[in-house]
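The values are calculated or read from the model by the stated rules, or taken from the named source; none is laboratory data. Bear in mind the structure is a predicted one, so any value in this text is a computation, not a measurement. Cβ sites come from the backbone with ideal geometry, for glycine too, and all protein chains shown count toward neighbours. In case anyone asks, the SASA skips ligands and DNA or RNA and just uses the protein heavy atoms, side chains included. Shrake-Rupley method; radii C 1.70, N 1.55, O 1.52, S 1.80 Å.
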Amino acid sequence: MRIAIIGAGNMGGSIARGLAKGTIIPASDIIVSNPSQGKLDELQKEFPALQVTNDNQEAVTGADMIIFSVKPWLMKPVVKELKLKSKQILVSVAAGIPFEELAHYVADKEMTMFRLIPNTAISELESMTLIASRNASKEQESLLLDIFNQMGLAMLIPEGKFAAATSMTSCGIAYVLKYIQAAMQAGIELGICPKDGMRMVAQSVKGAAELILNNDTHPSVEVDKVCTPGGITIKGINELEHEGFTSAVIKAIKKSV
């Protein structure tokens, strides 16, 4: 399978790197198109077998799958200028553009389409990637899941759930980072070196995530394990609740939908 990626920005470049590091698509079967040359040179320096071009049509000609990683307001003009074939698979990383609208950008409104929402951790192969499909076979859905599970965790969900799930994952990673930053600030006030504090908290967050992902458990169960009666952790947990921590997280996620 040959894959074309249109756009070599933060997300497009990260997807290209993730694909090239994976085992499903050889780097030689990936071509990336971008208007400026600098980011393409960086990609090819890392992965010499990867192909690059400044011509979008050159990139999509002969590709089985085309991943559009451009800003939402550029999707329409970029897609409409290309000669796409019905058998090709269109994958959109542009947030907020539903299938119904995407279908009007192409000649064949029944072509197979996917919407894809990774988060910035895809650069570390640790993304939570949301996938929705239109006119796709089970085999095509499985292929997308296989590809993006190599870059973290991928989940196929109905398009109608995309807004809520995007708030929890693509926006949500920023909320987790904000917690890390806040905990660092507390550590600095208590005499911990910023760099040391950052590593301490980041590893604690990573460990908490692994407890949930690798075990048949629930956050409340794991919290209870740490909160011994009369201990220091329960005092901190109660203070978080007194200050509206849970409510603030819920409000933030709902606000960003």
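For this structure, a couple of remarks:
- Long-range neighbours under 8 Å by Cβ, at least six apart or interchain, first residue among the aromatic types (Phe, Trp, Tyr) within the stretch 109-120, second in a strand (DSSP E or B) and open to solvent by 20 Å² or more (accessible area, probe 1.4 Å): 114/133; 114/134
- Odd one out for residue 18 among (1) at pLDDT below 95; (2) open to solvent by 10 Å² or more (accessible area, probe 1.4 Å); (3) in a helix (DSSP H, G or I): (2)
- Checking each residue in the stretch 126-164 for being out of contact with any helix residue (DSSP H, G or I) (no Cβ under 9 Å at 6 or more places or on another chain), within 24 Å of residue 251 (Cβ to Cβ) and open to solvent by less than 40 Å² (accessible area, probe 1.4 Å) picks out only 162.
- Checked against (1) open to solvent by less than 60 Å² (accessible area, probe 1.4 Å); (2) closer than 22 Å to residue 119 by Cβ; (3) not in a strand (DSSP E or B), residue 39 passes all but a single condition, namely (1).
- Residue in the stretch 71-89 that is closer than 30 Å to residue 161 by Cα, in contact (Cβ under 8 Å) with a residue 60 or more places away in the chain, surrounded by 13 or more Cβ atoms within 10 Å (Cβ to Cβ) and not aromatic (Phe, Trp, Tyr) present: yes
- Test result for residue 160, over 30 Å from residue 16 (Cα atoms), part of a helix (DSSP H, G or I) and not aromatic (Phe, Trp, Tyr): no
- All helices (runs of 4 or more DSSP H) inside the stretch 175-257 with 2 or more residues being touching a residue at least 60 places away in the same chain (Cβ under 8 Å): 245-255
- Note on the stretch 175-216: residues that are open to solvent by less than 100 Å² (accessible area, probe 1.4 Å), hydroxyl-bearing (Ser, Thr, Tyr) and under 21 Å from residue 165 (Cα atoms) total 1.
- Test: residue 11 is within 19 Å of the chain's Cα centre (by Cα), surrounded by 19 or more Cβ atoms within 10 Å (Cβ to Cβ) and farther than 21 Å from residue 147 by Cα: no
- From 58, 100, residue being more than 18 Å from residue 133 (Cα to Cα) and among the charged types (D, E, K, R): 58
- Exactly one residue out of 92, 69, 33, 14 is in contact with a Gly (Cβ under 6 Å, 6 or more places away or on another chain) and at negative phi: that is 69.
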